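Undergrad: What follows is a structure written as structure tokens; I'll ask about it next.
The values are calculated or read from the model by the stated rules, or taken from the named source; none is laboratory data. All figures in this text were calculated on a predicted structure; none of them were measured in a lab. Note: ideal-geometry Cβ built from the backbone for every residue, glycine included; neighbour counts use all protein chains shown.
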Amino acid sequence: MNEKHVQIHNSGLFDGYDIGSFYDEMFDANGPRPHYANLCRTLGNLTASEFRARCELADLTLISQGITFTVYGDNRGVEKPFPIDLVPRIIPPDEWRHVEKGLAQRVRALNLFLHDVYHEGKILKDGVVPRELIVNAPNFRRSFIGADVPGDIYVHICGTDLIRDADGTYRVLEDNCRTPSGVSYMLENRIILMRMFPSLFGENRVLPNDTYTAHLLHNLRELAPPGRDEPNVVLLTPGVFNSAYFEHSFLAQQMGIELVEGRDLFVEDNIVYMKTTRGPKRVDVVYRRVDDDFLDPLVFRPDSVLGVPGLVNAHRTGNVSLANGIGTGVADDKAVYPYVPAMIRYYLDQEPILEQVETYMGWKPDDLEYICENASKLVIKATNESGGYGMLMGPQSTQAEIEEFVVKVRANPRGFIGQPLISLSRSPCFFDSGFEGRHVDLRPYILCGKDDVTIVPGGLTRVALRKGSYVVNSSQGGGSKDTWVLGETPAEAMRQTQTMGEMSQSQTMGKVEFPTRTGGNQ
Amino acid sequence: MLSRHADAAFWIGRYIERAEATARMIDVHYHFGLESPALGEALRWSSILAISGQEKLYRKLYSTEDERNILHFFGFDERNTSSIFSAIRLARENGRSIRDQISSEMWKCLNQMYLEFLEWDVDRVLTGSPFTFFEKVKESSQLFQGVANRTLMMGETRDFHDAGRFLERADQTARILDVKYHDLLPSFAPGGPLIPTEAGSVGGPVDVHGWIAVLKSVGAYEAFRKTYHEGVTPARVAQFLLLNPKFPASVRHSVGRVEGCVRRVSGNRDLAPINDAEREIGRLYNELNYMRAEDIISGGLHEFLEDVQERCNTIGEAIYKCYLSY
């Protein structure tokens, strides 16, 4: 695949960087793309040892702050830092506007879809989405049919994975409507980059992303049951051994809410309480990072010790709100994904703004045959797995692996889809040998509030650090990059300089300009 | 706050203090031994094992009492839940479980302490200077306590953390005193009257040296000197470490701090306690407030020290039942 060589010249440290036959985020054959020009000049002027020193410092910072994820099935050293590559990924304003609009449209449709399938099921009656596909979906929660949720919103936080193909077109690869993770790395990456390369932020107008937790908390508070004026919002984590525990504690700390485990909560008369040093305290909103299956042993898996007995019923009676709602897994089922464009047309009467990836569905006999016959050319994915588990990268697998996988697909056609291997865009990453291109994706975090959809500029850019790999998941050797969306006007940009002492401090967030505080020392 | 969070804060306080106290205890013992070759290796370590309450476990795990084994057991052995390494690891684990409650600087400090500790083992302690190692542990503990002091909100998390820290300190000061008492008065059966003499076996040069070592181990030597200008006698050392109201590691001061924390949590300003935690702490604190050194000595120092350790246990249990169980 990687036969073509296009090398970069006159760019200092980037000289000799090979674009190959891919869409490169930073360079085209003529040199750096315009929105990367400042970055290329500044980083290009560094020596390899200067750049390496910054990488080492960044690693040290991550380790000493314990910014890690947990690798399952490994005893000592179970906590590993999530590698960050210090070359940021940059998105110009016009591209971001397109992505932002497309994502907002998409998540609106997904919420309308969820409300519909848990109520009248019009889209099923009208035959736009096949009924059997939904009612047989493993994450369709029958017990939740007819239940109402605040503002009819099911997905409050959505992490949608976007990729760019060989032409640079953004395509949606999948939606994560259950408990998407990674946003803490998005925020931490920015902090690290600002520390390592402060001057870059003076040269580029990077839109801030640190308003994420404020938006999230605002939305969570809005979900409180009526009459609960000072709602008690908590974050429910499976505990320290969960791979995303760092993120859970980080978000709880940033929002100033309690980080609870199932054993801290109990339900009495359909009201949820947490056990405090001063006795029980009522809980109004649960931002839960525990999957449906483990949420309530009375309703879902009876062997779950992570959940809270009675939580689901308390939720149904409206005494406590959950984010995300129950049963959202039917919207990010990979077998339902091919129907999202149809949902957008059906509910919103609009054309989808973002492209998807062509998908063959195992449950359709013709598609199944195609998948099995062309397995060596396709990426085959289990419809309800995530984290890069349960998939086959046909072009990179041996004949034996392919045959073994095809047997699994034939045994459970509903459980698999096939997609052509998209030649993901690449971005330069720093290695001991210099810069090399690695495949990247982009996961923006979409927040759905009562009245509007908020997407903080950027998202998490994940990188497949292994040479030639297309799998970006942290559990599979992935890393990440800081992701910049550039502002168009100075007013939109974040002011990176803060003067000290008796000088003033000015802050701009998004398009709103906050009054400048004077008189210092506050 | 959540009971589970309070529990974790309480135990962070205890474990960090425990790591420091264990380092201090081994340090003083080690260096005292170097200057008292007459004691012999076995004798040097037997008292520390006896008082640590870990003798049984030690005998199960090791066949000989030598420097290397003792340092490994108290410094690094994960099978010993009171070893310095275990204490640091557990403090960090508790910190991880409430990293959203404590300041991020506190977490970073705990995490770094743990990561640095992973690079130590008993060989490195013995090939370098053990002094450096003990200093390292003490400094890490003090750094953490300083960071906590400076960054943690005045509130329940802090009160539970401090309650754990001072309860552990009261217990450990009593323990260190007990170890040395055991060492320095071998001719007296435990519980026998402690009679400070002008000359003779007790109060002779070895003894003075030993009691100075005790004071140094809790960082009390200079403070002691400022309080009593002459005469390092066992009675005075005991009085200072147990009853001095102003020395930060005295049992009396530490118990008083625990009381302050628990009273702040409940908001109870009356003399009468409103729960068992307040009752047990108040009772011990008042006894210490009204006690004279002579009372302790006539009843037997060892007995008294044992009683203090038991009551610290009772206080810990009462705090657990009132606030921390979940």
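Undergrad: Can you confirm whether the stretch B:267-280 contains a residue that is hydrophobic (A, V, I, L, M, F, W, C), at pLDDT 95 or above and not in a loop (DSSP other than H, G, I, E, B)?
TA: yes
Undergrad: Also: If I ask for residues that are surrounded by 20 or more Cβ atoms within 10 Å (Cβ to Cβ) and either without any contact (Cβ under 8 Å) to a residue 60 or more places away in the chain or charged (D, E, K, R) (or both), which ones from the stretch A:19-31 would you list?
TA: A:24, A:25
Undergrad: Inside the stretch A:202-245, can you point out the residues that are among the β-branched types (Val, Ile, Thr) and at pLDDT 90 or above?
TA: Of everything in the stretch A:202-245, those that are among the β-branched types (Val, Ile, Thr) and at pLDDT 90 or above turn out to be A:206, A:211, A:213, A:233, A:234, A:237.
Undergrad: Just for the stretch B:310-326: of the residues that are under 20 Å from residue B:241 (Cβ atoms) and surrounded by 19 or more Cβ atoms within 10 Å (Cβ to Cβ), which one is nearest to the other protein chains (Cβ to nearest Cβ)?
TA: Keep residues of the stretch B:310-326 that are under 20 Å from residue B:241 (Cβ atoms), which gives B:310-313, B:315.
With surrounded by 19 or more Cβ atoms within 10 Å (Cβ to Cβ) added as a condition, the list becomes B:311-312, B:315.
Details: B:311: 23, B:312: 21, B:315: 16 Å.
The extreme case among them is B:315.
Undergrad: Can you spot a residue in the stretch A:153-176 that is over 30 Å from residue A:463 (Cα atoms) and modelled with pLDDT of 95 or more?
TA: Looking for residues that are over 30 Å from residue A:463 (Cα atoms) and modelled with pLDDT of 95 or more, one finds at least one in the stretch A:153-176, hence yes.
Undergrad: Taking the conditions exactly as written (modelled with pLDDT of 90 or more and surrounded by fewer than 21 Cβ atoms within 10 Å (Cβ to Cβ)), does residue B:264 satisfy them or not?
TA: So residue B:264 passes the test.
Undergrad: Of the residues in the stretch A:380-414, how many are in contact (Cβ under 8 Å) with a residue 12 or more places away in the chain, of a type in the set (Ser, Thr, Tyr) and either loosely packed, with under 15 Cβ neighbours inside 10 Å or not assigned by TED's automatic domain parsing to the domain that holds residue A:366 (or both)?
TA: Of the residues in the stretch A:380-414, 1 are in contact (Cβ under 8 Å) with a residue 12 or more places away in the chain, of a type in the set (Ser, Thr, Tyr) and either loosely packed, with under 15 Cβ neighbours inside 10 Å or not assigned by TED's automatic domain parsing to the domain that holds residue A:366 (or both).
Undergrad: Please report, ordered by residue number, the strands (runs of 3 or more DSSP E) entirely within the stretch A:223-321 with at least 3 residues that are in contact with a Phe, Trp or Tyr (Cβ under 9 Å, 6 or more places away or on another chain), in contact (Cβ under 8 Å) with a residue 40 or more places away in the chain and within 14 Å of chain B (Cβ to nearest Cβ).
TA: Those strands (runs of 3 or more DSSP E) span A:233-236.
Undergrad: Just the residues that are within 14 Å of chain A (Cβ to nearest Cβ) and outside any helix (DSSP H, G or I), please, taken from the stretch B:68-97.
TA: B:78
Undergrad: Within the stretch A:82-94, is there a residue that is surrounded by 16 or more Cβ atoms within 10 Å (Cβ to Cβ), at pLDDT 95 or above, closer than 21 Å to residue A:155 by Cα and within 27 Å of the chain's Cα centre (by Cα)?
TA: no
Undergrad: Among the listed residues A:99, A:87, which satisfies the condition of being touching a residue at least 24 places away in the same chain (Cβ under 8 Å) and touching a Pro at 6+ places or on another chain (Cβ under 6 Å)?
TA: Matching residue, one of A:99, A:87: A:87.
Undergrad: Identify the single condition in (1) closer than 25 Å to residue A:276 by Cβ; (2) surrounded by 21 or more Cβ atoms within 10 Å (Cβ to Cβ); (3) at pLDDT 95 or above that residue B:255 does not satisfy, given that it satisfies every other one.
TA: (1)
Undergrad: Continuing with the same structure: Which condition from (1) assigned to a loop (DSSP other than H, G, I, E, B); (2) surrounded by fewer than 23 Cβ atoms within 10 Å (Cβ to Cβ) is the one that residue A:376 breaks?
TA: Failing condition for residue A:376: (1).
Undergrad: Of A:171, A:131, A:142, A:178, which residue is outside the structural domain of residue A:284 (by TED's automatic domain parsing), touching a Ser or Thr at 6+ places or on another chain (Cβ under 7 Å) and farther than 29 Å from residue A:43 by Cα? Working first, answer last.
TA: Values: A:171 fails: touching a Ser or Thr at 6+ places or on another chain (Cβ under 7 Å); A:131 fails: touching a Ser or Thr at 6+ places or on another chain (Cβ under 7 Å); A:142 fails: touching a Ser or Thr at 6+ places or on another chain (Cβ under 7 Å).
The conditions single out A:178.
Undergrad: Going through the stretch B:105-141 one residue at a time, which ones are exposed (fewer than 14 other Cβ atoms within 10 Å of the Cβ) and more than 23 Å from residue A:63 (Cβ to Cβ)?
TA: Hits for the stretch B:105-141 are B:123, B:127, B:128, B:129, B:131, B:132, B:135.
Undergrad: Another question about this same structure. Answer yes or no as to whether residue A:264 is among the charged types (D, E, K, R) and closer than 30 Å to residue A:98 by Cβ.
TA: Against the criterion (among the charged types (D, E, K, R) and closer than 30 Å to residue A:98 by Cβ), residue A:264 does not qualify.
Undergrad: Kindly indicate which of B:284, B:288, B:305 is in contact (Cβ under 8 Å) with a residue 60 or more places away in the chain, part of a helix (DSSP H, G or I) and surrounded by 16 or more Cβ atoms within 10 Å (Cβ to Cβ).
TA: B:305 is the lone residue from the list that is in contact (Cβ under 8 Å) with a residue 60 or more places away in the chain, part of a helix (DSSP H, G or I) and surrounded by 16 or more Cβ atoms within 10 Å (Cβ to Cβ).
Undergrad: Could you name every one of the helices (runs of 4 or more DSSP H) located completely within the stretch B:98-171 that has at least 1 residues being within 14 Å of chain A (Cβ to nearest Cβ)?
TA: Working: elements: B:104-117, B:122-127, B:130-151.
Output list reads B:104-117, B:130-151.
Undergrad: Looking at the stretch A:468-485 only, could you name the residues that are at pLDDT 90 or above and either in a loop (DSSP other than H, G, I, E, B) or out of contact with any helix residue (DSSP H, G or I) (no Cβ under 6 Å at 6 or more places or on another chain) (or both)?
TA: Residues satisfying the conditions are A:479, A:481, A:483, A:484.
Undergrad: Any residue in the stretch A:129-138 that is within 30 Å of residue A:222 (Cβ to Cβ), away from chain B (no Cβ under 14 Å) and either in a helix (DSSP H, G or I) or modelled with pLDDT of 95 or more (or both)? Before you say what the answer is, go through the steps one by one.
TA: Going through the stretch A:129-138, the residues within 30 Å of residue A:222 (Cβ to Cβ) turn out to be A:129, A:134, A:137.
Now drop any that are not away from chain B (no Cβ under 14 Å), which leaves A:129, A:134, A:137.
With either in a helix (DSSP H, G or I) or modelled with pLDDT of 95 or more (or both) added as a condition, the list becomes A:129, A:134.
Within the stretch A:129-138 (the criterion being within 30 Å of residue A:222 (Cβ to Cβ), away from chain B (no Cβ under 14 Å) and either in a helix (DSSP H, G or I) or modelled with pLDDT of 95 or more (or both)), the answer is yes, since at least one residue qualifies.
Undergrad: Count, please, the residues in the stretch A:363-391 that happen to be within 22 Å of the chain's Cα centre (by Cα) and modelled with pLDDT of 90 or more.
TA: Final tally of qualifying residues: 4.
Undergrad: I would also like to ask the following. Which of the residues belonging to the stretch B:255-273 are in contact with a helix residue (DSSP H, G or I) (Cβ under 6 Å, 6 or more places away or on another chain) and over 18 Å from residue B:157 (Cα atoms)? Walk me through it before giving the result.
TA: In the first step, residues of the stretch B:255-273 are kept if they are in contact with a helix residue (DSSP H, G or I) (Cβ under 6 Å, 6 or more places away or on another chain); the result is B:255-259, B:261-262, B:264-265, B:273.
Hits for the stretch B:255-273 are B:255, B:256, B:273.
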